[in-house]
There are 2 protein chains.
Amino acid sequence: MRQKLTAAVCIIGTELVRGIIQDGHARLISAEVTTLGFSVVQIVIVPDDNGISRILSDFIGNVDIIFTTGGLGPTTDDITRSVIAHAAGVDLVEDKDAREQLVKRLKNEPGEANLNQIRLPDGFSIIPNPVGTAPGFYGTIIGRKKKNTVIISMPGPLVEMQEMFLNRVLPIVKQLYNITQEQGRTEASIFLIPESHLEEACRVCAVPGVEWGTRIQQLRISLYLKSGSNEDRNRMLEKIRGYLGPELVFPGDGMPYESLILYLKEQGMMIAGAESCTGGLVSKILTDIPGSSYWFWGTAVTYHDSAKERLLQISGKSLEQHGAVSCETALAMAERILHISGSDAAYSISGIAGPEGGTPEKPVGTVWFGFASTDRKSTAVRIQFNAYSRGSVRHRAALSALLLLDNFIRGKEPLDIVDKWQYI
Amino acid sequence: MRQKLTAAVCIIGTELVRGIIQDGHARLISAEVTTLGFSVVQIVIVPDDNGISRILSDFIGNVDIIFTTGGLGPTTDDITRSVIAHAAGVDLVEDKDAREQLVKRLKNEPGEANLNQIRLPDGFSIIPNPVGTAPGFYGTIIGRKKKNTVIISMPGPLVEMQEMFLNRVLPIVKQLYNITQEQGRTEASIFLIPESHLEEACRVCAVPGVEWGTRIQQLRISLYLKSGSNEDRNRMLEKIRGYLGPELVFPGDGMPYESLILYLKEQGMMIAGAESCTGGLVSKILTDIPGSSYWFWGTAVTYHDSAKERLLQISGKSLEQHGAVSCETALAMAERILHISGSDAAYSISGIAGPEGGTPEKPVGTVWFGFASTDRKSTAVRIQFNAYSRGSVRHRAALSALLLLDNFIRGKEPLDIVDKWQYI
């Protein structure tokens with residue numbers, strides 16, 4: 001067995017050492033490269049100044065790989081490029097491919113500041129950045145002891161760095177070091193389950209030889225099962241699905257609306273919605289998706305009671321009798337928007353997001369969901385969320401609506417599903 | 001004026017470099033000591049191994065103060081005490097006060113493992129730990145260049161470290177360096193302006209002696225002006241406001257809707273909206289705010305053209321004639337939702353978020369905004385956003401709507417404002 005590979009992580013940003021912002025990169029990089037078999041010997045957080053140079057030269061020749069983030073912006077503060085070029089003993093040269101991409105992105109000739117961003121150390125390879133103007137780059141430097149050190153440099157903004165690291169840098173690292181152990185990995189996406197409950201579920205459902213790890217992502221937690229046989233990992237995943245509810249655990253990496261949208265497209269269906277406490281959050285999530293106009297009609301965000309009357313023609317008398325947060329109102333909202341829109345199916349959400357507005361019968365966190373469609377009976381279900389915060393109630397209500405609507409239009413009964421959700 | 005004091009932060013813990021847990025100390029320490037006037041030159045995260053020794057000896061004699069956290073536990077993995085004693089050239093000796101406290105805490109004679117925790121470098125002072133068994137300690141080491149370096153060592157668990165740092169360590173630091181006054185600082189919130197343009201604006205508007213820093217936050221960039229006199233900082237801020245547009249630069253730390261909501265509450269006004277390309281994003285942002293039901297009626301998310309007809313009763317003929325993304329449609333959307341809702345003012349948004357749907361006359365990034373109110377003439381303005389991404393167009397359109405609505409209801413003309421927005 002070869003010696004363990006070593007890595008250093010260098011997070012660059014003056015605002016980090018001033019404590020203005022919290023670093024979000026070090027943990028992600030460390031966790032992923034540890035999984036690949038590297039030993040991270042040090043994480044360093046430094047300001048955008050000449051101190052970087054000394055730190056890099058300490059690492060070069062001593063570790064196999066250095067990851068840097070930050071300092072790739074267009075301003076003169078952003079000196080990572082020149083520091084690395086200096087360490088490698090090469091000049092900064094404009095990268096042709098990067099220039100083309102930049103022109104395409106800006107739809108204009110780039111200015112001097114932006115041009116700085118595409119001047120990379122000579123001989124280094126570019127790593128494209130689809131979500132920002134600063135490309136990353138990587139190359140090899142020979143250290144004092146003739147030991148090669150690879151430097152991989154990524155931008156600082158979280159979304160840019162994450163996209164680049166997960167989708168581009170990790171494959172490069174695997175290829176450079178011929179790491180193939182990835183065959184032993186099974187991934188799943190977990191919705192609505194708090195991290196601590198997921199950890200508990202993994203322990204309860206553990207299969208000997210299978211390790212697990214999680215990562216909090218947008219709208220989901222990713223679960224990674226590693227080691228053990230493929231069969232063992234799948235067995236553990238099935239146990240977890242049974243334990244938490246199969247609707248909350250999807251195999252593979254996916255968003256909570258993927259199954260829904262797949263079905264809508266397959267069936268050529270159009271949906272509409274009516275939202276009260278979520279204030280348009282479901283609608284926002286759905287319209288984030290390019291091409292959503294093919295299957296999404298729109299939503300009535302009926303926040304105020306009078307909006308339920310005037311946009312949806314729900315009678316004030318019914319609202320008064322049952323309350324805005326009730327089975328009857330949720331049903332009426334879904335049915336009215338289905339009718340008005342002429343869509344094939346509709347969802348509705350009405351609840352108490354807090355922090356105020358709760359009562360003993362309807363405490364903060366009470367949310368009613370309604371579902372209606374042209375080809376089956378309408379239905380409504382209530383979920384009582386733990387009221388950690390207004391944001392958390394709204395977020396979980398939106399995810400629940402998406403997951404339940406998917407099941408509803410596929411002919412399942414939302415009530416049967418929600419009954420089994422013990423851990424949300 | 002004495003030279004700026006320098007600090008280094010050393011976070012010790014193997015689970016941190018493996019990415020198993022997220023560090024929570026570095027930012028707290030950095031932020032607090034920066035406020036006291038220190039310059040943090042480096043934050044290092046290292047495993048509990050002999051690497052710590054080399055890092056400390058690099059810092060000793062080079063910085064004024066070193067903060068360490070972690071490695072003070074009872075097990076043999078916890079080597080911080082012995083590493084620091086070694087760096088100071090002294091032995092570890094049992095601290096009498098610490099022993100007394102430990103006996104009191106354990107209500108029993110301490111075992112060998114616990115006794116390790118109260119063996120401190122000879123000559124160092126103890127820092128009591130009221131929430132755990134490991135006391136902290138501090139002392140001075142003379143470095144190679146005869147420069148003194150203070151080392152302050154704190155335990156790793158978050159609650160223990162926080163209590164000790166905030167209540168005990170900070171007072172010690174202030175006393176050691178005779179720090180009585182915290183640095184002057186002026187803060188502002190910047191909306192819609194890309195970071196690179198903000199940097200340019202700061203350079204153009206620079207006032208000698210004033211330093212600046214920025215931080216990307218939710219829905220805004222925070223700008224910090226430091227050093228210089230209060231007057232100088234305010235003068236620079238006013239220059240920046242003039243340069244970028246006063247509507248895009250608010251003094252203080254605030255969200256892009258704060259001025260709007262303040263006015264709505266003051267006036268007892270209710271607003272409503274109609275959104276197409278933003279899909280409910282403005283509505284989502286507004287309803288994130290607790291108590292929004294007092295001033296927010298709701299929104300018609302009329303994503304599909306038929307939704308504009310059926311929810312807002314805009315004629316299909318008019319939509320066909322002018323297009324969904326047009327001055328006429330934006331005006332009609334705002335006026336119709338104003339009428340339907342019976343609110344005091346209304347906004348509308350209709351645009352092309354992309355990536356598809358653009359035409360030569362209406363490329364991706366074209367967004368029309370409409371504003372209507374009960375007491376003035378309706379108006380509509382068009383903004384052409386750079387189409388970096390669908391998400392970016394939607395995000396900036398939502399922020400623009402919030403800022404323009406604030407100005408509209410305060411009697412200003414959105415067209416005059418938008419005309420001066422050169423940098424969004």
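The values are calculated or read from the model by the stated rules, or taken from the named source; none is laboratory data. Fair warning: this is a prediction, and the values are worked out from it, not measured in the lab. Cβ sites come from the backbone with ideal geometry, for glycine too, and all protein chains shown count toward neighbours.
Scanning region A:43-58 finds no residues that are among the acidic types (D, E) and farther than 30 Å from B:N50 by Cα.
The set of residues in region A:244-266 that are surrounded by 18 or more Cβ atoms within 10 Å (Cβ to Cβ) and not acidic (D, E) comprises A:L244, A:G245, A:L248, A:V249, A:F250, A:M255, A:P256, A:Y257, A:L260, A:I261, A:L264. Restricting attention to region B:326-359, the residues being at negative phi, within 13 Å of chain A (Cβ to nearest Cβ), surrounded by fewer than 23 Cβ atoms within 10 Å (Cβ to Cβ) and not in a helix (DSSP H, G or I) number 4. The set of residues from region B:371-384 being under 19 Å from B:Y257 (Cβ atoms) and either in contact (Cβ under 8 Å) with a residue 60 or more places away in the chain or among the hydrophobic types (A, V, I, L, M, F, W, C) (or both) comprises B:F371, B:A372, B:V381, B:I383.
Matching residues to (1) within 8 Å of chain B (Cβ to nearest Cβ); (2) in contact with a helix residue (DSSP H, G or I) (Cβ under 9 Å, 6 or more places away or on another chain); (3) not basic (K, R):
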| position | (1), (2), (3) |
| --- | --- |
| A:A8 | no, yes, yes |
| A:T68 | no, yes, yes |
| A:G71 | no, yes, yes |
| A:P74 | yes, yes, yes |
| A:A85 | no, no, yes |
| A:D97 | no, no, yes |
| A:Q101 | no, no, yes |
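Taking region B:392-424 as the range and being of a type in the set (S, T, Y) and either without any contact (Cβ under 8 Å) to a residue 24 or more places away in the chain or within 13 Å of B:Y263 (Cα to Cα) (or both) as the test, only B:S392 passes.
Of all residues in region B:107-118, those that are over 41 Å from the mean Cα position of the chain (by Cα), of a type outside the set (D, E, K, R) and assigned to a helix (DSSP H, G or I) total 2. Of all residues in region B:390-420, how many are touching an Asp or Glu at 6+ places or on another chain (Cβ under 8 Å) and not in a helix (DSSP H, G or I)? Residues meeting the conditions: 0. Restricting attention to region B:251-266 and to residues that are over 24 Å from B:L331 (Cα atoms) and not in a strand (DSSP E or B), the residue that is nearest to the other protein chains (Cβ to nearest Cβ) turns out to be B:D253. In region B:34-54, which residues are free of Cβ contacts under 8 Å to residues at least 60 places away in the same chain, in contact with a helix residue (DSSP H, G or I) (Cβ under 7 Å, 6 or more places away or on another chain) and hydrophobic (A, V, I, L, M, F, W, C)? Listed by number, the residues that qualify are B:V40, B:V41, B:I43, B:V44, B:I45, B:V46, B:I52. Within region A:22-59, being part of a loop (DSSP other than H, G, I, E, B), of a type outside the set (D, E, K, R) and surrounded by fewer than 18 Cβ atoms within 10 Å (Cβ to Cβ) holds for A:Q22, A:G24, A:L36, A:G37, A:N50. Please verify whether region A:27-41 includes one or more residues that are facing chain B (nearest Cβ under 7 Å) and over 24 Å from the mean Cα position of the chain (by Cα). Yes: region A:27-41 contains one or more residues that are facing chain B (nearest Cβ under 7 Å) and over 24 Å from the mean Cα position of the chain (by Cα). When A:T287 is tested against the conditions (1) among the polar types (S, T, N, Q); (2) within 28 Å of A:L198 (Cβ to Cβ); (3) without any contact (Cβ under 8 Å) to a residue 60 or more places away in the chain, the lone failure is (2).
Filtered by the rule that a residue be over 24 Å from A:V41 (Cβ atoms) and in contact (Cβ under 8 Å) with a residue 12 or more places away in the chain, region B:16-33 gives B:L28, B:E32, B:V33.
What pairs come up if the first residue lies in region A:71-93 and is over 20 Å from A:H25 (Cβ atoms), the second is of a type in the set (K, R) and outside any helix (DSSP H, G or I), and their beta carbons are under 6 Å apart, counting only those six or more places apart or on different chains? Sorted first by the residue in region A:71-93, then by its partner, the pairs are A:L92/A:R119.
Each residue in region A:267-325 was checked for being more than 10 Å from every other protein chain (Cβ to nearest Cβ) and either at pLDDT below 95 or surrounded by fewer than 20 Cβ atoms within 10 Å (Cβ to Cβ) (or both), and 14 pass.
In region B:365-385 there is no residue that is within 14 Å of another protein chain (Cβ to nearest Cβ), out of contact with any Ser or Thr (no Cβ under 6 Å at 6 or more places or on another chain), surrounded by fewer than 21 Cβ atoms within 10 Å (Cβ to Cβ) and of a type in the set (F, W, Y). So for region A:354-372 (the condition being out of contact with any Gly (no Cβ under 8 Å at 6 or more places or on another chain) and farther than 30 Å from B:S292 by Cα), does at least one residue qualify? Checked against the condition, which is being out of contact with any Gly (no Cβ under 8 Å at 6 or more places or on another chain) and farther than 30 Å from B:S292 by Cα, region A:354-372 yields no hits at all. Going residue by residue through region A:60-81, is there one that turns out to be over 22 Å from A:V44 (Cβ atoms), touching a Leu at 6+ places or on another chain (Cβ under 9 Å) and not in a loop (DSSP other than H, G, I, E, B)? Within region A:60-81 (the criterion being over 22 Å from A:V44 (Cβ atoms), touching a Leu at 6+ places or on another chain (Cβ under 9 Å) and not in a loop (DSSP other than H, G, I, E, B)), the answer is no, since none of the residues qualifies.
Within region B:362-378, the set of residues being farther than 22 Å from B:S315 by Cβ and either part of a loop (DSSP other than H, G, I, E, B) or outside the structural domain of B:Y294 (by TED's automatic domain parsing) (or both) comprises B:P363, B:V364, B:G365, B:T374, B:D375. Here A:V90, A:V63 are screened, and the one residue that is under 19 Å from A:G143 (Cα atoms), surrounded by fewer than 18 Cβ atoms within 10 Å (Cβ to Cβ) and more than 25 Å from the chain's Cα centre (by Cα) is A:V90.
Tell me yes or no: at least one residue of region A:156-176 is assigned to a loop (DSSP other than H, G, I, E, B) and either in the same structural domain as A:I79 (by TED's automatic domain parsing) or over 30 Å from A:V418 (Cα atoms) (or both). Yes, the conditions are met somewhere in region A:156-176.
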